[in-house]
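No lab work stands behind these numbers, since they all come straight from the coordinates. Keep in mind it's a predicted model, so treat the numbers as computed, not measured. Reconstructed Cβ throughout: ideal geometry from the backbone, glycine too, with neighbour counts over all protein chains shown.
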Amino acid sequence: MDRQSRSSHRPPRRRSPEDASPAASQERADREFRREIEMRLQVFVSSEAPELELEPMNSYRRHLVHNIAKEFQLATESRGDDRDRRVCVIRTKETRVPKSQAKAKLWDFGSQTFPVNPGLHGVRLALKSDGSIELHEGADTRHILHERLVTARQIRIRNGQIVVPDDPNW
């Protein structure tokens, strides 16, 4: 069998993520960012907070956030300068979760409690979009649905938020 006929029987080579075009990679990153922002806005809308200030981001991502926030009937404003420029979303009387988002997953573990060792000054925890809970150092805020300083010895995850025994929704 010659070399040409052997190679024609090989399965086609699968494209690895490194082979993907920059445009495809950007589209994938945009979809992931959009899902993350939609989940964070859904958690915000279900909370009692009057506003949510997001982390600093570039102008393109701020533009995406402004557009996504419109779907939730949220007001937005950009705050900060240069590299510290961020979007703040503000609740309005018309604020709601869009029908297209109504079935999105909000993490809620019911009455299950998670032990915490808060130390002397508390510990900052983050609930991530995949349902995991981690120590939050503040540097990487991607995929974070909710974060807070915890001084209690246990927490629960209710309606996409970290709650402690003193909270009314405990």
Fill in the blank from the handout: Length gained, S132-N58, 0.36 nm per residue minus C-alpha separation, equals 24.0 nm
Practice task
Compute the length gained on full extension between S100 and R124: take 0.36 nm times their separation in residues and subtract their Cα-Cα distance, giving the result in nm to one decimal.
Solution key: 5.4 nm
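If R0 is 35 Å, what FRET efficiency do you get for T113 and E51 from their C-beta distance, rounded to 0.05?
Working: r = 30 Å, r/R0 = 0.84.
Once the sixth-power term is evaluated, E becomes 0.75.
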Practice task
List the residues whose amide H sits under 5 Å from the amide H of R124, counting only those 5 or more places along or on another chain, with H placed 1.01 Å from N in the peptide plane.
Solution key: H136, V150
